[in-house]
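Before any comments, here is the structure.
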């Protein structure tokens with residue numbers, strides 16, 4: 001029997017009975033997403049995982065939220081830590097590196113019982129803001145560039161001596 005290739009024109013339809021699903025819809029999907037071009041039926045494979053090494057704070061760490069930053073080709077991860085050393089990390093897919101946006105901050109007050117809901121990145125360059133809520137703390141925002149510079153601040157001291 002020849003293999004039939006179906007180009008979906010509808011969408012994911014988990015409500016209809018499998019026997020009466022409209023032509024163009026599909027009952028399940030694995031590792032796909034709609035392309036950035038937003039055209040009907042323009043579906044692409046989701047990239048696989050890449051192992052990146054980073055030492056997280058001591059204690060139990062768990063990802064409780066994720067947000068895509070399309071402009072920088074990056075992903076922002078919200079990390080819960082059992083010792084209240086919570087983090088927000090940015091994975092850069094262009095060079096497979098991790099940036100510490102906020103590191104070991106108890107003020108984030110993350111909870112495993114309250115996942116991050118609908119985080120979104122707005123703006124660009126040094127005015128790029130990250131908004132999120134977890135229905136536990138008040139809605140929050142932060143300037144990604146400013147927080148990255150604060151967290152990764154390195155002091156350079158110049159000493160001048162006269163003889």
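When restricted to residues that are loosely packed, with under 10 Cβ neighbours inside 10 Å, at pLDDT below 75 and outside any loop (DSSP other than H, G, I, E, B), the stretch 12-38 contains 0. For the condition out of contact with any helix residue (DSSP H, G or I) (no Cβ under 8 Å at 6 or more places or on another chain), at positive phi and at pLDDT below 90, residue 41 qualifies.
Collect the residues in the stretch 73-91 that are surrounded by fewer than 18 Cβ atoms within 10 Å (Cβ to Cβ) and more than 19 Å from residue 137 (Cα to Cα), keeping them in residue-number order. Hits for the stretch 73-91 are 73, 75.
Looking at the stretch 149-162, can you tell me whether even one residue there is over 16 Å from the mean Cα position of the chain (by Cα), part of a helix (DSSP H, G or I), under 16 Å from residue 86 (Cα atoms) and modelled with pLDDT of 90 or more? No - not one qualifying residue is present in the stretch 149-162.
For the stretch 79-134, a tally of residues being closer than 12 Å to residue 64 by Cα and touching a helix residue (DSSP H, G or I) at 6+ places or on another chain (Cβ under 7 Å) returns 1.
Under the condition of being assigned to a loop (DSSP other than H, G, I, E, B) and more than 16 Å from the chain's Cα centre (by Cα), the residues counted in the stretch 124-148 number 6.
The values are calculated or read from the model by the stated rules, or taken from the named source; none is laboratory data. Because the structure is predicted, anything quoted here is derived from the model rather than measured. FYI the Cβ positions are ideal-geometry reconstructions off the backbone, even for glycines, and counts take in every protein chain you see.
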